1. Kindly indicate whether GLU115 is in a helix (DSSP H, G or I), of a type outside the set (Gly, Ala, Ser) and at pLDDT 95 or above.
2. Does GLY184 satisfy the criteria of being surrounded by fewer than 18 Cβ atoms within 10 Å (Cβ to Cβ) and under 23 Å from ALA72 (Cβ atoms)?
Amino acid sequence: MKNYTSSDRPALAEGIGDRVESLVTLPDAQADVELMAAVAANDPSAQRAVAQRLAPRVRKVAGLLCRSAADADDAAQAALIEILRSAGSFRVATSLERWADRVTVRTTMRTAHRERSRRGLLERWVPADLLPWGGPPVRSPLEEVSLDSLLSRLSYERFQVFVLHHALDFTVDEIAGLTGAPPGTVKDRLVMARKQLRKMLRARGGTTDDKS
């Protein structure tokens with residue numbers, strides 16, 4: 001059995017944005033198929049190699065989709081476990097990194113849905129001002145115009161499709177497959193997210209020429 005190490009990882013192509021590593025990869029396809037077959041066969045060295053190779057990327061993707069660092073940590077851990085557990089389903093039709101992105105997105109969305117449901121149940125019985133997330137956050141003037149601050153004001157559905165499309169480079173059809181929403185709904189959410197962000201930027205004295 002081949003002894004897999006983190007040096008076996010393919011180079012990442014440069015440059016889709018500032019918030020996350022490029023999601024375009026240059027994979028050694030056959031090596032990745034063999035690596036994931038070894039993971040599926042419970043080879044410890046292969047499992048370690050995959051975990052070391054993908055963990056930083058998984059955490060970044062989860063971090064983009066979660067509202068808090070703690071939620072992102074939980075989602076990333078769950079996603080990495082799911083990647084190792086699902087290794088036998090990996091096929092050469094896509095790069096390992098892009099396949100892992102899809103697993104991470106689906107796992108993160110499930111985790112976020114469970115957390116929102118749990119918080120919703122609590123808020124039915126406990127006054128919002130007594131919960132740690134009940135009141136509006138206190139922000140400095142600089143934080144008021146930060147990207148994270150603006151994105152936090154979007155509904156989760158709009159936030160989700162905006163990040164999937166603009167930060168993670170998924171197409172509308174891919175987002176529809178990941179979220180279960182019809183493509184038309186995905187497009188509407190993207191349009192409304194852009195409009196809402198432009199309105200907030202104008203209200204804070206910023207400008208944007210984004211018409212896409």
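1. On the way: in a helix (DSSP H, G or I): yes; of a type outside the set (Gly, Ala, Ser): yes; at pLDDT 95 or above: no.
Taking the combined requirement at face value, the residue does not satisfy it.
2. Details: surrounded by fewer than 18 Cβ atoms within 10 Å (Cβ to Cβ): yes; under 23 Å from ALA72 (Cβ atoms): no.
Criteria not met by GLY184.
The values are calculated or read from the model by the stated rules, or taken from the named source; none is laboratory data. Here the structure is a predicted model, which means the values were calculated and not measured. All Cβ positions, glycine included, derive from the backbone under ideal geometry; neighbour counts span all protein chains shown.
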